[in-house]
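A short worksheet on the structure shown next.
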Amino acid sequence: MKELERAMKRLGKVPQTIVTQAARAGATIPLRASKANAPEDTGDLKSGIIMKKERRTKIGKAVYDIMMDPAKNDIFVKTTKDGTRYYYPASMEYGFMTVDGGYVPGYRFLRRGLVENVTRIESRVIEVAGKAVDKAWRAR
């Protein structure tokens, strides 16, 4: 990581495309893992997990969110017989209380997708950014 930082400083301003490519490559790992870990009750949960790029606030920074697709809220928002609304992906992620007072623990599929793959994500980001920096360095 230190080597990559030194190369970026030598390169000057980091081209935004390099940062975006590296961040996207790193974000695909937890996206795939989250989809693999998601419970398969209806299949809507797996198809509802998306990767969305945050708006850039700082040059040289790119962040991707692994989240539930807001366009599918009509599928994910459920109502009980008494009219109480709940968000199905949240109940699957964090768990929920049953009618008789019991607790059903959540699957933590989104969290596990990220936490279990931290080293793979870091190495993938470094690999993609390093290759792109080398290519840009040679072009100069």
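The values are calculated or read from the model by the stated rules, or taken from the named source; none is laboratory data. Because the structure is predicted, anything quoted here is derived from the model rather than measured. Cβ coordinates were reconstructed from backbone atoms using ideal geometry, including for glycine residues, and neighbour counts include every protein chain displayed. The protein model used for the area step is the full one, side chains on, heavy atoms only, and it has no ligands, DNA or RNA in it. Shrake-Rupley method; radii C 1.70, N 1.55, O 1.52, S 1.80 Å.
Data for the structure
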read-out	value
Accessible area in the full protein assembly, largest first, 1.4 Å probe, for 40, 93, 122	40, 122, 93
Cβ-Cβ FRET estimate between residue 138 and residue 16, R0 fixed at 25 Å, reported to 0.05	0.85
Three semi-axes of the equivalent ellipsoid, segment 24-69, Cα gyration tensor, whole Å, largest first	25, 11, 5
Residue 2 - accessible surface, heavy atoms, 1.4 Å probe, Å² rounded to 10	140 Å²
Computed lengthening from residue 4 to residue 118, 0.36 nm per intervening residue step minus Cα-Cα distance	39.3 nm
Measure of compaction for segment 56-116 (Cα Rg per 2.2 N^0.38 Å)	1.50
Where Cα atoms sit under 16 Å apart: lysine pairs in the chain separated by 8 or more or lying on different chains	14
Net charge, residue 94 excluded, C-beta distance under 12 Å - Lys, Arg +1, Asp, Glu -1	+1
Residue of 60, 101, 26 that the Gaussian network model of the chain assigns the largest fluctuation, springs spanning Cα pairs under 10 Å	101
Quotient of Cα Rg and 2.2 N^0.38 Å for segment 3-140, N being how many residues it contains	1.36
Carbon + sulfur, % of accessible area of segment 12-140 - ligands and nucleic acids excluded, 1.4 Å	53 percent
Convex hull volume per residue in cubic angstrom - Cα atoms of segment 90-140	60 Å³
Unit charges at the beta carbon, dipole of the chain: most positive-side option, 47, 73, 19	19
